[in-house]
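The values are calculated or read from the model by the stated rules, or taken from the named source; none is laboratory data. From a predicted model like this one, the values you see are computed outputs, not experimental measurements. When we count neighbours, we look across all protein chains shown, and the Cβ atoms used for this are built from the backbone with ideal geometry, even at glycine. Calculation scope for accessible area: heavy atoms of the full protein, side chains included, ligands and nucleic acids excluded. Shrake-Rupley method; radii C 1.70, N 1.55, O 1.52, S 1.80 Å.
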Amino acid sequence: MRRTVLVTGGSSGIGLETARAFVACGERVIICSRDNEKLARAALELGVESHVLDVTDQKAVEDLFEAIGPLDALVANAGICQQARLDDTQSDDVWRRTLDINLNGVYHCLKAAQRTMPEGSAIVTVSSGLGKNARAGYEAYTASKHAVLGLTKCVALELAPRNIRVNAVCPGWVDTPMSQADAAEGARRAGLAEDDFRRQAVEAIPLGRMVDPAEVASLIFFLCSSAARAITGQSYNVSCGEFTN
Ligand code: NAD
């Protein structure tokens, strides 16, 4: 039976490749993101339904999910990554904005989606290797991604009696517009040319390369499939060995 799958942040990077993986299997896919133009391009490319949505707007999330009706799978992927050390002038803004999008946004989507999700459906949240580890200057991002794992585990237990499974993926360094901007910022802060910064970062990854967004999509696709029907409340790294816990 054709499933209905909603991917937040589906206009770009991991979300776009996740939507593509579901489309390839003939599912009804709906993508949302807050950027109009990129979203329209992605929807046209994939031939899917799309909605502009800011996940921090709880009312907008509830209205959209109600209008769409029951989802067989939700991929709560939308997120941002901004570096800010405690003494940076923008650190308070980054803290609030990051928690609002990366944590509150996921909470809004989970809460709204579960109301109508049928038995056997699945939710995947997109955390990060920094959901279990730490890196100086990534306080807001790391805190938000740790919190997503806590939320994922609690909701998994809450929805288990309805046979709705909830799991998280924890990507390492994935080649997307987000990580490209982050690498540029990392290079600036380290006083390195961007190419040198990227080369050093890649050399430190055990498999010697970045993760392809489609490789994260494969894991998400598996966790939403019946092959993963015994798996709930778990989180899985997909990081080319960058993270081992
Ligand atoms: P990306 O920038 O390519 O895509 C992010 C998507 O989220 C875009 O579609 C954007 O419009 C959407 N988005 C951002 N704020 C939003 C909001 N308020 N409401 C709705 N949509 C919003 O980035 P990506 O790398 O594909 O990131 C996807 C997810 O993967 C994020 O949660 C990110 O934290 C996580 N992640 C990425 C990496 C990486 O290295 N790229 C590593 C670990 C985790």
Notebook entry, point to check: Counting only residues that are open to solvent by less than 60 Å² (accessible area, probe 1.4 Å), part of a helix (DSSP H, G or I) and among the hydrophobic types (A, V, I, L, M, F, W, C), how many does the range 191-245 have?
Noted result: 12
Note to self: If I filter the range 152-172 for residues that are in a helix (DSSP H, G or I), more than 18 Å from Met117 (Cα to Cα) and within 16 Å of the ligand (Cβ to nearest atom), do I get at least one hit?
What the structure shows: no
Check: Considering Ala122, Ala112, which residue is under 25 Å from Val5 (Cα atoms) and touching a Cys at 6+ places or on another chain (Cβ under 6 Å)?
Finding: Ala122
Note to self: I'd like to verify a number: residues in the range 55-113 that are among the acidic types (Asp, Glu) and in a helix (DSSP H, G or I), how many?
What the structure shows: 6
Notebook entry, point to check: Considering the range 26-37 alone, what residues qualify as being touching a residue at least 12 places away in the same chain (Cβ under 8 Å) and more than 7 Å from the ligand (Cβ to nearest atom)?
Noted result: Gly26, Glu27, Arg28, Val29, Ile30, Ile31, Asn36
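Kindly evaluate Ala230 against the criterion of being more than 30 Å from Arg3 (Cα to Cα) and away from the ligand (no atom under 12 Å from the Cβ).
Details: more than 30 Å from Arg3 (Cα to Cα): no; away from the ligand (no atom under 12 Å from the Cβ): yes.
So Ala230 does not fit the description; no.
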Next item on the list: Check off (1) within 22 Å of Gly241 (Cβ to Cβ); (2) more than 12 Å from the ligand (Cβ to nearest atom); (3) among the hydrophobic types (A, V, I, L, M, F, W, C); (4) assigned to a helix (DSSP H, G or I) for Ala183 and give me the number that stays unchecked.
Entry: (2)
Checklist line | Number of the condition not met by Asp182 [criteria: (1) crowded, with 17+ Cβ neighbours inside 10 Å; (2) under 22 Å from Val61 (Cβ atoms)] | finding: (2)
Next item on the list: Residue by residue through the range 110-148, note down the ones that are more than 21 Å from Gly186 (Cβ to Cβ) and crowded, with 19+ Cβ neighbours inside 10 Å.
Entry: Leu110, Ala112, Ala113, Gln114, Met117, Ser121, Ala122, Ile123, Val124, Thr125, Val148
